[in-house]
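The values are calculated or read from the model by the stated rules, or taken from the named source; none is laboratory data. Bear in mind that the values here come from a model prediction, so they are computed numbers and not experimental data. Here the Cβ positions follow ideal geometry from the backbone for every residue, glycine too, while neighbour counts run over all protein chains shown. Quick note on the areas: whole protein, heavy atoms, side chains included, nothing else; ligands and nucleic acids left out. Shrake-Rupley method; radii C 1.70, N 1.55, O 1.52, S 1.80 Å.
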Amino acid sequence: MAEDTIIIEFPDGSEKQYESGTTGYEIAESISKGLAREALSITLDGEIYDLDHPLEKDGKIQINTWDSDDGKYTFWHSSAHILAEAVEELYPDAKFGIGPPIDEGFYYDIDFGDKQIGQEELEEIEEKCLEMARKKSEFKKAHSTRQEALNYYREVGNEYKIDLIEDFDQDEEITFYNQGHFTDLCRGPHIPDTGRVKAIKLTNLAGAYWRGDETSKQLTRIYGISFPKQKLLEEYIEQRKEAERRDHKKLGPQLGIYMIDSEMVGSGLPIWLPKGTVMRRTLEEFMRDELKKRDYQEVITPHIGNIKLYKTSGHYPYYQDSQFSPMEVEDQKYLLKPMNCPHHHRIYDHELRSYRELPLRLAEFGSVYRYEQSGELNGLSRVRGFTQDDAHIYCTQDQLKQEIKDCLDLTQHVFKIFDMPVDIRLSFRDENEEKFGGNTEYWDRAEQEIQEVAEEENLSYHVAYGEASFYGPKIDFIIKDAIGRKWQLGTVQVDYVMPERFDLTYVGADNDRHRPVIIHRAPFGSLERFMSILIEHFAGNFPVWLAPVQVKVIAVSDDYNDYAEKCAHALRDQGIRVETDLRSEQIGAKIRDAETSKIPYMLIVGGDEASEGTVSVRRHQEGDIGTFDYTDFEHRILEEIRNKTLPEFETAGKQS
């Protein structure tokens, strides 16, 4: 092959030859002019680049449009620069910190000096953003030396950018991006021009300490989101309204699921109330039943451990900033448990293992503790104390692939039960060696094995470089809820690092010592976070099998309280969670209260029902569904619980 040509591989596996130096835009145009018009950036061998980036070696390419995650990343990154340009126009003395894209939109941390920014100013900035976007300014990349960059920001007086640059390596390439009259320190990538942005909404204001350091100055963080079409923004606003209606931080306490007592117990430390505890135990029982079928053994480990354990595993210091400070007891330092896995490794190692015992599958609903900054706490979804449905599988190399497949099967089964579509992400390491432990050979092997399993199982997946855990690559499950939002939940991770760190071995058929491979897996992830998503997914209208109260028996008047109690007692004998409403209230008020509590079934009993042994049945959100013989209703609800039937009504569209 001539040295001035390169081979480019496309996502479908096809290959094409191009001249060296061909840009991403030119490759998109060679496929179709329509694709070139829609293209925002390219991803080459896992790295995102501008469309005008010249390709000078063979590689795998993806043309990023709005419909791809990397396309949205590029779009929102560029939108953060548009926000900064608008702010500079309105507030010339403002100083800029960082402005990254996030999972949904972007933000920029800005020092406005003594100026207070409120909702009125936010609306003015939003209008200016749209004005800047309509100018269709090109994003132009410029290279700089470290000293030139420092001189520039010393001249304009921005200590935040200086702080960032001083952390760069002496020989690190430094780049700026310009659009219009605005210049920003940035690695990129960016969309071709600001005109691609047709709609912007600035969504929130918050305080943010510079670089997360509470001793530093607090900056103003402006959040926003942008779209290539106005219609997409309108759909987003409607989704936000629906999300607010479903917000677990309101519904959870309202339905008696959990509480947080920040003053007396502590921020980010949820307390499960009786109804929430019922739901949590129901989820645990569901998972335990699945684990029994798959030959797992359950264990229980302490809530604290000697710091030596976490130094051996590498969690300390890798995650030191997100752990509570060590406590000293009898001249020894202890940590609140940040992860369950080191404890499980010690269980494995407490006796000599034979290949005949493998795979050994250890499972635990283990509580762990992480120090999250107060500004990042968010109901049940971001907490400081939570419980993982953790398991660690110790297996031989020959058993590894089948064990991964079994973990995939379990995790996909869990999400199917809740009617949550799943996207698969293979999270691999990148070139940043400081983020990852172990040697490259092990990493390459683990990544290859994960990808082979994904191919053999015909999974639709994408690869995300730099998203691996520090001890190994993983399969991440991205679920979609009832209103289309995506959440990263379950994981399956392959680990060659911990067996080395803990010197784990087993005796093989050859009587020699061998290293096991470890799989870390957690379908729910965190029970707290999973519950927050379930509350919002179902808007509190839970399937009968999961609902904390499954039936409310309501007496029409005091005369029929005995029959109501008789029905409730019979249901309890069948394991059904039931309450009675025997208050001397109007029947309409009782029904409204049960509806507000989102109880799936109401049994209304009066004279006819008591004399005929029947119940008048109402279904939450559906109303009266008829009169049933008591035993017929009992069979109906037991079958619904046994089959884990989902509600027949549309979860995304109904008010209650």
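So how compact is segment 227-325: Cα radius of gyration and Dmax in angstrom?
20.5, 55
Return the inverse of the average 1/r over all pairs of distinct C-alpha atoms in segment 175-241, which is the Kirkwood hydrodynamic radius, in Å to one decimal.
Computed over segment 175-241, the radius equals 14.6 Å.
Considering only VAL617, GLN399, MET420, whose Cα is most displaced toward the positive end of the charge dipole of the chain, charges sitting on Cβ of Lys, Arg (+1) and Asp, Glu (-1)?
The residue sitting farthest along the positive end of the dipole is VAL617.
Once you treat every alpha carbon in segment 76-197 as an equal point and sum by Debye, what is log10 I(q)/I(0) at q = 0.16, 0.23 Å⁻¹?
-0.78, -1.48
Find the centroid of the Cα atoms in segment 171-194 and in segment 113-158, then give the distance between the two in whole Å.
When both Cα centres are located, 11 Å separates them.
Taking amide hydrogens as modeled 1.01 Å from N in the peptide plane, which residues meet the under 5 Å criterion relative to TYR371, leaving out close sequence neighbours?
Answer set, sorted by chain and number: GLN323, PHE324.
Give, rounded to the nearest 20 debye, the magnitude of the charge dipole that segment 569-622 has about its Cα centre when Lys and Arg contribute +1 at Cβ and Asp and Glu contribute -1 at Cβ.
On the way: 8 positive and 10 negative charges, 50 e Å.
Dipole about the Cα centre, nearest 20: 240 debye.
Can you give the Rg and Dmax of segment 419-550 based on its C-alpha atoms, in angstrom?
According to the Cα coordinates of segment 419-550, Rg and Dmax are 18.2, 57 Å.
What distance in nm separates the simple spin-label points at HIS413 and LYS60, each placed 7 Å from Cα in the Cβ direction?
Here the modelled spin labels are 3.0 nm apart.
Looking at the square roots a ≥ b ≥ c of the eigenvalues of the Cα gyration tensor of segment 605-644, which shape do they give, rounded for a/c under 1.5, prolate if a/b is larger than b/c, or oblate? Before the final figure, lay out each step's value.
Numbers: a/c = 3.63, a/b = 1.47, b/c = 2.47.
It comes out oblate by the Cα gyration axes.
Can you quote the Å³ per residue value for the convex hull of the Cα atoms in segment 3-104, rounded to an integer? Kindly include the intermediate steps, with their values, before the conclusion.
On the way: hull volume 12.8 nm³, N = 102.
In segment 3-104, the Cα convex hull volume per residue is 125 Å³.
Find how many whole Å separate the alpha carbon centroid of segment 352-366 from the alpha carbon centroid of segment 478-551.
Distance between centres, Cα-based: 17 Å.
Give the long-range amide H neighbours of GLY366: residues separated by 5 or more places, or on another chain, with amide H under 5 Å away, using H modelled in the peptide plane at 1.01 Å from N.
It is GLN388, ASP390, by chain and number.
Can you give me the Cα centroid spacing of segment 277-336 and segment 562-607 in angstrom?
Using only Cα atoms, the two centres lie 41 Å from each other.
Classify segment 236-285: rounded, prolate or oblate, from the alpha-carbon gyration tensor (a ≥ b ≥ c, eigenvalue square roots; a/c under 1.5 rounded; otherwise prolate if a/b is larger than b/c)?
Details: a/c = 2.75, a/b = 1.42, b/c = 1.94.
Judged from the Cα gyration tensor, segment 236-285 comes out oblate (a/c at least 1.5, b/c at or above a/b).
Determine the gain in length on full extension of the stretch ILE271-SER32; use 0.36 nm per residue of separation and subtract their C-alpha separation, reporting nm with one decimal.
Working: separation 239, 0.36 × 239 = 86.04 nm, distance 5.62 nm.
The span from ILE271 to SER32 would gain 80.4 nm if fully extended.
Run lengths n ≥ 4 of DSSP H only: what is the helix-derived mean residue ellipticity at 222 nm for the chain, with -39500 (n - 2.57) per run over all residues, to the nearest 500? Let's see the in-between values first.
On the way: 20 runs with 229 residues, N = 656.
Calculated mean residue ellipticity at 222 nm is -10500 deg cm²/dmol.
Over 5 Å intervals from 0, what percent of Cα-Cα pairs in segment 326-476 sits in each interval?
Over segment 326-476, the share of Cα pairs per 5 Å bin runs 2, 7, 12, 15, 20, 20, 13, 7, 3, 1, 0 percent.
Can you tell me what percent of all Cα-Cα pairs in segment 515-632 are more than 18 Å apart?
Details: 3874 of 6903 pairs.
Of all Cα-Cα pairs in segment 515-632, 56 percent lie more than 18 Å apart.
Stretched out fully, how many nm does the piece from ASP167 to ASP430 gain, at 0.36 nm a residue minus the Cα gap? Could you put the intermediate results ahead of the total?
On the way: separation 263, 0.36 × 263 = 94.68 nm, distance 2.00 nm.
My answer for the length gained is 92.7 nm.
Tell me which residues come under 5 Å, amide H to amide H, from LEU40 once H is placed; ignore anything under 5 positions away on its chain.
ASN64, THR65
Could you grab the relative contact order for the chain? Cα pairs under 8 Å, six or more apart, rounded to a whole percent. Could you put the intermediate results ahead of the total?
Working: 1196 pairs, mean separation 55.6, N = 656.
Here the relative contact order equals 8 percent.
Within segment 121-164, what residues put their amide N at less than 20 Å from the label point 7 Å along the Cα-to-Cβ vector of ASP193?
Those under the cut-off are 128-142.
How much of the accessible area of the chain, in percent, comes from carbon and sulfur atoms when a 1.4 Å probe is used? Spell out each step's value before the answer.
Numbers: 13580 of 31390 Å².
Carbon and sulfur: 43 percent of the exposed surface of the chain.
Taking just the alpha carbons, could you work out the radius of gyration and Dmax for segment 97-144, both in angstroms?
13.6, 38
Rg over Rh of the chain, using C-alpha atoms and the Kirkwood radius, what does it come to?
Radius of gyration over Kirkwood radius for the chain works out to 1.01.
Would you kindly derive the ³J(HN,Hα) couplings of segment 5-12 from the backbone phi angles with the Karplus curve 6.51 cos²θ - 1.76 cosθ + 1.60 (θ = phi - 60°), listing them in order in whole Hz, with x for Gly and Pro?
10, 10, 10, 10, 9, 9, x, 7
Given LYS128/LYS161; LYS72/LYS250; LYS201/LYS480; LYS249/LYS275; LYS128/LYS217, which pairs have Cα atoms separated by over 19 Å? Before the final figure, lay out each step's value.
Working: LYS128/LYS161 24 Å; LYS72/LYS250 30 Å; LYS201/LYS480 23 Å; LYS249/LYS275 15 Å; LYS128/LYS217 27 Å.
Violating the 19 Å Cα-Cα cut-off are LYS128/LYS161; LYS72/LYS250; LYS201/LYS480; LYS128/LYS217.
Sequence gap of 8 or more, or different chains, plus Cα separation below 15 Å: how many lysine pairs satisfy both in segment 280-364?
So the count of such lysine pairs works out to 4.
Round to the nearest 0.05 the FRET efficiency obtained for ILE300 and SER322 when R0 = 30 Å and r is the Cβ-Cβ distance. All intermediate terms of the calculation are to be shown ahead of the outcome.
On the way: r = 24 Å, r/R0 = 0.80.
Efficiency for this residue pair is about 0.80.
Over the alpha-carbon set of segment 119-173, work out the extent along each principal axis and list the three values in angstrom, largest first.
Principal extents (largest minus smallest coordinate, Cα): 41, 26, 18 Å.
Dipole of the chain, Cα-centred, from +1 at each Lys and Arg C-beta and -1 at each Asp and Glu C-beta, to the nearest 20 debye?
Numbers: 80 positive and 125 negative charges, 289 e Å.
I would put it at about 1380 debye.
Hey, any idea what Rg/Rh is for segment 460-505, computing Rh the Kirkwood way over Cα pairs?
Numbers: Rg = 14.3 Å, Rh = 12.6 Å.
Here the Rg-to-Rh quotient is 1.13.
Once you list every other residue whose beta carbon is under 13 Å from the beta carbon of GLN239, what net charge do they have if Lys and Arg are +1 and Asp and Glu are -1? Working shown, then result.
On the way: positive: LYS201, LYS231, ARG240, LYS241, ARG245, ARG246, LYS480, ARG485, LYS486; negative: GLU104, GLU234, GLU235, GLU238, GLU242, GLU244, ASP247, ASP481, GLU536.
With Lys, Arg at +1 and Asp, Glu at -1, the neighbours total 0.
On a full-extension model of 0.36 nm per residue, what is the gain between THR505 and GLU127, subtracting their alpha-carbon distance, rounded to one decimal in nm?
Values: separation 378, 0.36 × 378 = 136.08 nm, distance 6.35 nm.
Working it through step by step, the gained length comes to 129.7 nm.
Which FRET efficiency, nearest 0.05, do ILE237 and ASP512 yield, Cβ-Cβ r, R0 45 Å?
0.10
To the nearest 0.05, what FRET efficiency results for GLU19 and GLU263 with a Förster distance of 60 Å applied to their C-beta separation? If you can, show how the numbers build up before the last one.
On the way: r = 67 Å, r/R0 = 1.12.
After rounding, the FRET efficiency stands at 0.35.
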